[in-house]
1. Name the one entry in Leu196, Leu212 that is free of Cβ contacts under 8 Å to residues at least 24 places away in the same chain and not polar (S, T, N, Q).
2. So which of Cys108, Cys136 ends up being out of contact with any strand residue (DSSP E or B) (no Cβ under 7 Å at 6 or more places or on another chain) and either closer than 27 Å to His203 by Cβ or modelled with pLDDT of 95 or more (or both)?
3. Quick test for you: out of Pro154, Pro186, Pro180, Pro172, pick the one residue that is touching a residue at least 40 places away in the same chain (Cβ under 8 Å), assigned to a loop (DSSP other than H, G, I, E, B) and open to solvent by 40 Å² or more (accessible area, probe 1.4 Å).
4. Tell me which residues, restricted to the range 39-76, are outside any loop (DSSP other than H, G, I, E, B) and open to solvent by less than 20 Å² (accessible area, probe 1.4 Å).
5. Can we say Asn145 is out of contact with any Pro (no Cβ under 9 Å at 6 or more places or on another chain) and crowded, with 18+ Cβ neighbours inside 10 Å?
6. Inside the range 24-67, can you point out the residues that are farther than 21 Å from Ala151 by Cβ and aliphatic (A, V, I, L, M)?
7. Restricting to the range 92-111, count the residues that are without any contact (Cβ under 8 Å) to a residue 40 or more places away in the chain, under 22 Å from Leu212 (Cα atoms) and not hydroxyl-bearing (Ser, Thr, Tyr).
Amino acid sequence: MQVDRRRALVLLGLGAAAPASAARARSAPSFQHGVASGDPLQDRVMLWTRISARRSDDIMYSWRLDPSDGKGGGKRGTGVTGPERDFTVKVDVVNLEPGRAYTFQFECDAVKSPVGRTHTLPDGPTKDVVLAVCTCALYPNGYFNAYGAIARLPRVDAVIHLGDYIYEYGGPGSYGMDSPVASERPHDPAHECLSLSDYRRRHAQYKTDPQLQA
């Protein structure tokens, strides 16, 4: 088969573009670990997420927080995270109104995170409060149905986790690995957590569970 010069250049160009496209796809950010909020006060709250990105340099992100009633008073901001923080994001949003419900979301390279919900503490006398209390979440030992049940409650003002939020165990024969579902949910890493990298991987693994995210 004869191939003219122009067609040869096109084929070479496509061949060269494929690895570059694959590299961009691998480094494209995503939000595989959901979003979270916590430590609320009357006028501020902490927002959290982790940007999943296979890269060695810093990455910019933006965030937004909006009142659930849509009556104004939203907040916006930007920041930078990177490998030294394991691409986690923590934002301390200030100057909020007490006892107000908000939604929040992160964005990175035009990719948006799931939408989270949060609430500032009330100021003054409070009629009642609804708390959900949980403890001891061992990833290979069973599904996180309790988290899903909490997410489906008609009202929850705050979730209080008494620990252990994650466990250090890992490897064959370790605590919890005799569970009927352990083969479906093996620990990552597959050994006991000892280093900072180990703990980051284990925490990230827990955060991939959809019921925990909910």
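1. Details: Leu212 fails: free of Cβ contacts under 8 Å to residues at least 24 places away in the same chain.
Leu196 is the lone residue from the list that is free of Cβ contacts under 8 Å to residues at least 24 places away in the same chain and not polar (S, T, N, Q).
2. Numbers: Cys108 fails: out of contact with any strand residue (DSSP E or B) (no Cβ under 7 Å at 6 or more places or on another chain).
Only one candidate passes the filter, namely Cys136.
3. On the way: Pro154 fails: touching a residue at least 40 places away in the same chain (Cβ under 8 Å); Pro180 fails: touching a residue at least 40 places away in the same chain (Cβ under 8 Å); Pro172 fails: touching a residue at least 40 places away in the same chain (Cβ under 8 Å).
So the residue among Pro154, Pro186, Pro180, Pro172 that is touching a residue at least 40 places away in the same chain (Cβ under 8 Å), assigned to a loop (DSSP other than H, G, I, E, B) and open to solvent by 40 Å² or more (accessible area, probe 1.4 Å) is Pro186.
4. Hits for the range 39-76 are Val45, Leu47, Thr49, Ser52, Ile59, Leu65, Pro67.
5. Answer is no for this residue.
6. Taking the range 24-67 and keeping what is farther than 21 Å from Ala151 by Cβ, we get 24-30, 41-44, 51-64, 67.
Matches in the range 24-67: Ala25, Ala28, Leu41, Ile51, Ala53, Ile59, Met60.
7. Going through the range 92-111 one residue at a time, the tally reaches 1.
The values are calculated or read from the model by the stated rules, or taken from the named source; none is laboratory data. What you see is a predicted model; the values in this text were computed from it and never measured. Virtual Cβ from ideal backbone geometry, glycine too; neighbours counted across all protein chains shown. Heads up: the accessible areas ignore ligands, DNA and RNA and are worked out on the full protein's heavy atoms, side chains in. Shrake-Rupley method; radii C 1.70, N 1.55, O 1.52, S 1.80 Å.
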